[in-house]
Structures are given as C-alpha cells and as structure tokens.
Amino acid sequence: MKILLVGNGGREHAIAWKLLKDDPSVELFCAPGNAGTAAIARNLQIDASDIPALLAWARENAPDFTVVGPEAPLCAGLVDAFEAAGFPTFGPVRAAARMEGSKAFAKEIMAAAQVPTAEAVVVRDEAAAREAVARLGVPVVLKADGLAAGKGVMVCMDAAQVEAALRDLFSENKFGAAASEVLVEQYLDGEEASILAFVDGKTVVPLASAQDHKRLLDGDKGPNTGGMGAYSPAPAVTPDMLAVVQSQILRPVVEELSRRGIAYKGVLYAGLMLTKSGPKVLEFNCRFGDPETQAILPRLASPLLPALRACRDGVLDASLVSWDPRPAVCVVMVSGGYPGKYPKGVVVEGLDEAAAQPDAVVFHAGTARRGGLVVTDGGRVFGVTALGADVRSAVAAAYRTVVKIKFDGASYRSDIAWRAL
Ligand code: AMP
Ligand code: GLY
C-alpha cells in the first residue's frame with residue numbers, strides 16, 4: 001500500500017504516525033513533511049500547494065491513496081485534480097472546501113440549512129462595515145471572507161479595536177483578496193469547542209470532541225496563535241450536545257451542499273461557541289484541525305485508513321470508528337517570538353530522552369533536518385501528546401516530556417487543558 005500525505009505540520013506527523021502504527025508495511029510519502037515524518041516515512045521536496053508537481057509525482061509513482069492535510073491545496077482543487085487523473089484522494093473537492101475558503105459561502109449554506117450561527121452582514125467597503133457595526137453593536141467580530149492563515153478574524157471588544165480592524169481590512173488592505181468581502185458578525189459569548197466529523201457525501205460520523213487553546217499565554221491571554229495546545233475529549237461537549245450538533249449542524253450542512261450538487265467528503269470541522277441558547281457555529285474548516293488532530297488521533301482505537309477510504313468511497317459507517325476512553329493532552333512548543341517574528345534553524349536537543357517517556361509521543365511541526373541534527377523551521381515546533389488514566393495524569397505525562405526537549409527561545413503554555421481539570 002503506497003500512500004501520499006500532503007502537508008508538513010504537526011497534524012500531518014500525527015496522521016503519518018497513526019497510519020504507520022496501524023500498518024507498519026505502508027509505504028508512506030510526505031510532501032513535503034518535516035523532521036518527524038522524515039524519521040518514519042519518505043519526505044518529498046514538493047510544496048503542499050504545488051498541485052502540478054504533486055500530480056506529476058503521482059503519475060510517476062502511482063500512489064494507492066492520497067491524504068491531504070492543509071486547507072490551501074483543498075481550496076485550490078487538489079482533490080479535483082487527483083480524482084480526475086484517477087488517484088483516489090481523501091478530502092473535499094474545491095466546491096466543498098469553500099465551507100472554509102469563503103466565510104460568506106459558509107454563512108449562505110448555514111442560512112439555507114437553518115443552522116444556528118452568529119448573525120452576520122457581508123460587506124465590501126468600509127462605509128457598509130461601519131453601518132453593520134453600528135447595527136450589531138460592540139463587541140463585534142470582523143472577518144476576512146477568504147483564507148488568511150488563521151489571522152483574518154478580529155474580535156473587537158471596544159471602539160478602538162474596531163478602528164484597528166477596519167484599518168487592517170480596508171485602508172491598509174492587509175489581507176488582500178481574502179478581504180474583498182468582509183463579514184461583520186455578532187459577538188457570541190460562551191465556551192468554545194470543536195467537533196470534527198468524517199463525512200462521505202451523506203453519512204456523518206463525529207470524531208472524539210476536542211478543544212484547542214488559541215491564545216499564546218496562560219489563562220487564555222495574549223495574542224491569537226495557530227494553537228498552543230489541545231485536549232480530547234472536551235468535557236463541555238456532552239453526548240446530548242453532540243446529538244444536537246449532529247442533527248442541527250453537521251447533517252443539515254452536508255444535505256444542503258448535496259442539494260446543490262456538492263458531495264462533501266473528508267473531515268468537516270465545526271468550530272462552535274457553546275452559548276446559553278445552545279451551540280452556534282463560529283466557523284467551518286474543511287480538514288483535520290491542528291493541533292486538535294494531535295490530541296484526537298492517539299485516541300482513535302480503530303485503524304485510520306479504512307475510515308479515510310470509506311469517506312472517499314461513499315461507504316462510511318459508524319462501526320469503522322472507535323475510541324480509547326483515556327483522555328489525551330497535547331502541549332505545543334513554539335519558537336521565541338512566535339506568533340511574531342522568530343528565528344529558524346535553532347538546534348533542538350533532548351528528543352531521545354523525550355521519546356523514552358512512557359505514554360507520550362512527540363509530534364514534529366516546524367522542524368527540519370540539517371546534517372544529523374533536528375532544527376526549528378517554523379513558529380510551532382512540536383506538539384507533545386500524552387494519554388492518561390485521567391486528564392491530570394495526561395497533563396503530567398505531557399509536561400514531563402516537554403521539559404526534556406530543549407532549544408533556544410522555546411516556550412509553551414503551562415496550563416493546557418485547565419478547563420478540563
Ligand atoms: P474562527 O477562525 O472563525 O474560529 O475565529 C477565531 C476565534 O475568534 C474563535 O476561536 C473565537 O475565539 C473567536 N470568534 C470568532 N467568531 C466569534 C464570534 N462571533 N463571537 C465571539 N468570538 C468569536
Ligand atoms: N485549531 C484550529 C484549526 O485547525 O483551524
């Protein structure tokens with residue numbers, strides 16, 4: 001079995017790790033991968049968004065199956081191109097990936113499917129944005145419509161923050177084409193949770209719940225990041241709530257897309273605010289979450305590949321997915337300066353000691369190999385995941401491992417999973 005895995009983050013290392021744990025005989029290729037995937041699979045020097053080069057590699061090497069991690073190649077039509085060329089591939093086609101690629105499109109689908117979400121107005125210029133802010137009141141949330149590498153959402157708690165967001169979106173045009181449309185959205189209060197589900201075009205099978213920590217500093221303070229850690233399950237997501245999310249959010253969305261001739265296949269990720277009046281959608285992603293995946297996949301007791309193939313083949317069934325009841329906690333280690341400017345190429349030490357820790361696994365994110373060394377190559381460098389009999393012991397095992405890993409400027413939050421404790 002020859003598999004091509006597209007992407008280079010912690011999520012992709014976790015997917016690679018799980019595929020090989022299930023079946024060590026898999027021949028796995030990562031494009032481009034990182035130092036973590038290099039240790040267990042073959043890295044290819046092809047960028048995750050270079051669809052022509054990926055297709056050329058596939059034509060030469062005939063992968064049996066391809067798995068796509070990040071949103072950019074999904075939104076650019078990687079799955080459409082691979083399937084048209086006869087390569088079975090996990091992930092939504094471009095039209096379905098618009099659930100993440102265009103927040104205005106996602107709102108349109110949610111409105112048609114009567115899915116609970118924050119009220120929002122789509123605007124194209126600053127004057128219309130000001131009008132919408134005046135109507136919705138402050139606090140308010142401004143969002144660039146398109147992909148903005150996780151930076152296009154501005155939660156404005158006061159008038160000064162509204163002005164700063166309007167400047168970024170309009171006069172300074174910081175987000176380029178991604179902000180040719182802007183959503184002005186009602187602010188929602190509550191606890192956040194993520195529900196990810198496998199989808200095969202019609203059947204929806206939720207994965208274990210998870211929650212990430214988006215803020216840089218302890219106590220959920222400081223700037224937003226790509227994610228400083230995650231834990232699974234998220235206790236705020238009760239079985240009753242999960243049933244509501246499935247029947248009122250995930251299934252209606254998949255059905256509405258299907259009515260429009262779009263078969264959603266892959267992972268559908270609903271970012272939710274658990275409000276007093278029930279769960280409401282903040283955003284959809286068209287892929288596995290990062291770092292949620294690093295907390296979810298170590299809990300997946302059933303093999304991953306059969307579920308991925310069933311999504312692609314339209315034969316998904318809940319019996320394909322079963323869970324280890326133990327909770328998992330993932331602590332992300334970042335480069336000094338992240339999410340602002342940070343150095344690359346910093347030598348990492350202690351990975352062998354970390355690997356020797358029981359119940360923990362070190363997922364690489366922004367790492368590369370230089371000579372015989374592992375060096376930093378991104379803002380988020382590692383995701384250290386541990387399973388435990390309870391959340392407290394999972395947290396302890398994760399941090400016991402984190403402290404073994406050393407590189408200049410390394411930092412991490414010390415309170416991952418605090419809400420679950
Ligand atoms: P998103 O990328 O849409 O998930 O937004 C990033 C973060 O912004 C979310 O995780 C929330 O913390 C926050 N956010 C987004 N939309 C809203 C909203 N309508 N009300 C309050 N917070 C929000
Ligand atoms: N952790 C949030 C995301 O993957 O978008």
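The values are calculated or read from the model by the stated rules, or taken from the named source; none is laboratory data. Note that the structure is a prediction, hence the values are computed from the model and not measured. We place every Cβ from the backbone using ideal geometry, glycine too, and count neighbours over all the protein chains shown. The accessibility values were calculated without ligands, DNA or RNA, using every heavy atom of the protein model including side chains. Shrake-Rupley method; radii C 1.70, N 1.55, O 1.52, S 1.80 Å.
Scanning the stretch 79-94 for residues that are open to solvent by 40 Å² or more (accessible area, probe 1.4 Å) and in contact with a Gly (Cβ under 9 Å, 6 or more places away or on another chain) turns up Val93, Arg94.
Among all positions in the stretch 252-267, there is at least one residue which is within 16 Å of ligand 2 (Cβ to nearest atom), outside any helix (DSSP H, G or I) and open to solvent by less than 20 Å² (accessible area, probe 1.4 Å).
Without any contact (Cβ under 8 Å) to a residue 60 or more places away in the chain, outside any helix (DSSP H, G or I) and not aromatic (Phe, Trp, Tyr), is that true of Ser302? The answer is yes for Ser302. Number of residues in the stretch 307-348 that are assigned to a helix (DSSP H, G or I) and surrounded by fewer than 15 Cβ atoms within 10 Å (Cβ to Cβ): the value is 3.
Considering only residues that are over 20 Å from the mean Cα position of the chain (by Cα) and of a type in the set (Ser, Thr, Tyr), look in the stretch 221-251 and name the one that is farthest from ligand 2 (Cβ to nearest atom). So the residue we want is Ser247.
For the stretch 120-156, filtered to residues that are in a loop (DSSP other than H, G, I, E, B) and within 10 Å of ligand 1 (Cβ to nearest atom), the residue that is modelled with the highest pLDDT is Pro139. Only residues that are assigned to a loop (DSSP other than H, G, I, E, B) and more than 13 Å from ligand 1 (Cβ to nearest atom) were counted in the stretch 109-119, giving 3. Residues that are in a loop (DSSP other than H, G, I, E, B) and without any contact (Cβ under 8 Å) to a residue 40 or more places away in the chain within the stretch 220-229 comprise just one, Asp220.
Quick grid of which residues meet (1) touching an Asp or Glu at 6+ places or on another chain (Cβ under 9 Å); (2) under 21 Å from Leu320 (Cβ atoms); (3) modelled with pLDDT under 90:
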{"site": "Glu191", "(1), (2), (3)": "no, no, yes"}
{"site": "Leu196", "(1), (2), (3)": "yes, yes, no"}
{"site": "Asp200", "(1), (2), (3)": "yes, yes, no"}
{"site": "Leu216", "(1), (2), (3)": "no, no, no"}
{"site": "Gly226", "(1), (2), (3)": "yes, no, yes"}
{"site": "Ala236", "(1), (2), (3)": "yes, no, yes"}
{"site": "Pro239", "(1), (2), (3)": "no, yes, no"}
{"site": "Leu242", "(1), (2), (3)": "no, yes, no"}
{"site": "Gln246", "(1), (2), (3)": "no, yes, no"}
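Might you check whether a residue that is touching a strand residue (DSSP E or B) at 6+ places or on another chain (Cβ under 7 Å), open to solvent by less than 40 Å² (accessible area, probe 1.4 Å) and either in a loop (DSSP other than H, G, I, E, B) or free of Cβ contacts under 8 Å to residues at least 12 places away in the same chain (or both) occurs anywhere in the stretch 385-402? Taking every residue of the stretch 385-402 in turn, none turns out to be touching a strand residue (DSSP E or B) at 6+ places or on another chain (Cβ under 7 Å), open to solvent by less than 40 Å² (accessible area, probe 1.4 Å) and either in a loop (DSSP other than H, G, I, E, B) or free of Cβ contacts under 8 Å to residues at least 12 places away in the same chain (or both).
The lone criterion from (1) assigned to a strand (DSSP E or B); (2) open to solvent by 10 Å² or more (accessible area, probe 1.4 Å); (3) within 12 Å of ligand 2 (Cβ to nearest atom) left unmet by Pro279 is number (3). Here the helices (runs of 4 or more DSSP H) wholly within the stretch 1-78 that include at least 1 residues being open to solvent by 30 Å² or more (accessible area, probe 1.4 Å) and free of Cβ contacts under 8 Å to residues at least 24 places away in the same chain are 10-22, 51-61.
So which of Phe90, Phe82, Phe170 is over 27 Å from Ser277 (Cβ atoms), away from ligand 2 (no atom under 16 Å from the Cβ) and in contact with a Leu (Cβ under 6 Å, 6 or more places away or on another chain)?
On the way: Phe82 fails: in contact with a Leu (Cβ under 6 Å, 6 or more places away or on another chain); Phe170 fails: in contact with a Leu (Cβ under 6 Å, 6 or more places away or on another chain).
One residue alone meets the criteria, Phe90.
In the stretch 191-219, the qualifying residues are those that are of a type in the set (D, E, K, R), outside any strand (DSSP E or B) and surrounded by 15 or more Cβ atoms within 10 Å (Cβ to Cβ), and the one that is nearest to ligand 1 (Cβ to nearest atom) is Lys214. Within the stretch 170-182, the presence of a residue that is touching a residue at least 60 places away in the same chain (Cβ under 8 Å), within 27 Å of Ser393 (Cα to Cα), within 16 Å of ligand 1 (Cβ to nearest atom) and in a loop (DSSP other than H, G, I, E, B) is excluded.
Considering the stretch 148-165, and only residues there that are touching a helix residue (DSSP H, G or I) at 6+ places or on another chain (Cβ under 8 Å) and buried (at least 20 other Cβ atoms within 10 Å of the Cβ), the residue that is nearest to Arg380 (Cα to Cα) turns out to be Gly152.
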